[in-house]
């Protein structure tokens, strides 16, 4: 009986210690997207702003107000970062085989990097006129 209790206690301790780490690895590897703002910009750009206009998961629009924002990010109907304070922000989506980020390009835009599953994509959001550009992860 004592041996069963010791085995149960050891297995419980292993579960308690390793399950959160395993869960975090699974969530970040499968669903985590890291937005990296460096303050970098096109030579012609008048600023370093980043505007995230929409997020679609499997073709369905996500409610941007539901995402917890890190330092430097603001909710202004869209998700906004002035780009002046370089930093990283991880967003976790609990669903979606295909995730599409729709960014706004305009004369005051900077450069954004998005990292997912070890792959980093970089996009210059400068444009002389306002338009949108999508970044799709499948």
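Nothing in this text is a laboratory measurement; each read-out follows from the coordinates by a stated rule. Because the structure is a prediction, the values reported are computed rather than measured. Methodologically, a virtual Cβ is constructed for each residue, glycine included, from the backbone with ideal geometry; neighbour enumeration extends over all protein chains shown.
One table, with the values for the structure above:
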{"quantity": "Helix axis angle, 2-30 relative to the chain longest principal axis, alpha carbon, degrees", "calculated": "10 degrees"}
{"quantity": "Residue among 56, 11, 64 with the largest mean-square fluctuation in a Gaussian network model of the chain, springs linking Cα atoms under 10 Å", "calculated": "11"}
{"quantity": "Cβ-based exposure ranking for 63, 124, in which fewest neighbours within 10 Å come first", "calculated": "63, 124"}
{"quantity": "Top of 39, 87, 118 by mean-square fluctuation, Gaussian network on the chain, Cα under 10 Å", "calculated": "118"}
{"quantity": "Efficiency of FRET between residue 68 and residue 43 - r from beta-carbon atoms, R0 25 angstrom, step 0.05", "calculated": "0.15"}
{"quantity": "Förster radius 35 Å - calculated FRET efficiency between residue 12 and residue 78, Cβ distance, rounded to 0.05", "calculated": "0.15"}
{"quantity": "Cα pair distances of the chain binned at 10 Å [whole percent]", "calculated": "11, 36, 27, 11, 8, 5, 2, 0"}
{"quantity": "Max mean-square fluctuation residue, GNM over the chain, Cα-Cα springs under 10 Å, options 16, 79, 112", "calculated": "16"}
